[in-house]
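Data first, discussion second: the structure below is written as structure tokens.
The values are calculated or read from the model by the stated rules, or taken from the named source; none is laboratory data. Since the structure is predicted, the reported quantities are computational estimates derived from the model, not experimental observations. A quick note on method: Cβ atoms are made from the backbone with ideal geometry, for glycine too, and the neighbour counts reach across all protein chains shown.
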Amino acid sequence: MNPRFQQAIALIDAENSRDPNVEIINQQPIARELLYSQRLTDWLLRLEPAASEPLQLAARAQHICRWTIPRTKYPATRVGYHQWKNDLRKFHADLTSQILAKVGYDASTIARVHALNLKEGFPQDPETRTLEDALCLVFLQFQFAPLAEKAESEKVINALRKSWAKMTTNARAAALIMPFSSSQRALLDRALGHNQVTS
């Protein structure tokens, strides 16, 4: 990858390293959004080893500085939730564009990354589908279990169904070989239907 790409990734990582929320990985603390961006990049490259530069940049910055716009700033309603999500997407895309301009990316590349961050053209655009697949797989591998422990089962099942509906056949195949616990597998069975989960 070119030096400009490396500079952009370093700046994105530096922003995400400021997250005051941390997770412990291998007995070492790491900023939550930095960890998330690394996991998303990992899944992206597993799904598409030849992922384009704009797609890799969009994935790395998909949740950049997410903690600065907490859910609690919005009404605890469905409308409030969607407004929060929309504002987050625009914030992530705009901040990423600023970083890419700073390191000298051309306008067309910046526009492409911006569109990917907003997931424009989904599901027709193949790159937005790959990005969405990676997002769903990160959810299933790392966020499904904690959600299942603290949320009502119907909420978890609804989240699983929404994720599954957005995933390609390739991503679903990757999900089905994850080492889910028996309780997690039971939730998947309920959400998707026994034949879908075990096929």
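Worth a mention:
- Scope the range 110-157; condition buried (at least 17 other Cβ atoms within 10 Å of the Cβ), over 16 Å from ARG89 (Cβ atoms) and among the hydroxyl-bearing types (Ser, Thr, Tyr); matching residues: THR130
- Counting only residues that are in contact (Cβ under 8 Å) with a residue 60 or more places away in the chain, within 20 Å of GLN141 (Cα to Cα) and assigned to a helix (DSSP H, G or I), the range 42-84 holds 5 of them.
- Hits in the range 124-166 - residues which are of a type outside the set (Val, Ile, Thr) and within 17 Å of ALA51 (Cβ to Cβ): ASP125, PRO126, GLU127, ARG129, LEU131, GLU132, ASP133, ALA134, LEU135, CYS136, LEU137
- ARG32 basic (Lys, Arg) and surrounded by fewer than 13 Cβ atoms within 10 Å (Cβ to Cβ): no
- Being touching a helix residue (DSSP H, G or I) at 6+ places or on another chain (Cβ under 9 Å), touching a residue at least 12 places away in the same chain (Cβ under 8 Å), in a helix (DSSP H, G or I) and under 23 Å from LEU44 (Cα atoms) is a property that holds for VAL113.
- Within the range 119-137, the set of residues being part of a helix (DSSP H, G or I) and farther than 18 Å from LEU192 by Cα comprises PRO126, GLU127, THR128, ARG129, THR130, LEU131, GLU132, ALA134, LEU135.
- Any chance ASP189 is among the acidic types (Asp, Glu), outside the structural domain of SER97 (by TED's automatic domain parsing), in a helix (DSSP H, G or I) and buried (at least 20 other Cβ atoms within 10 Å of the Cβ): no
- Only one entry of ALA93, ALA101 meets the criterion of being part of a helix (DSSP H, G or I), in the same structural domain as PRO54 (by TED's automatic domain parsing) and loosely packed, with under 15 Cβ neighbours inside 10 Å, and that entry is ALA101.
- Failed condition for LEU131, given (1) outside the structural domain of THR41 (by TED's automatic domain parsing); (2) free of Cβ contacts under 8 Å to residues at least 24 places away in the same chain: (2)
- Output for the range 1-36, where each listed residue is under 22 Å from PRO70 (Cβ atoms), touching a residue at least 24 places away in the same chain (Cβ under 8 Å) and not in a helix (DSSP H, G or I): ARG18, ASP19, PRO20, ASN21
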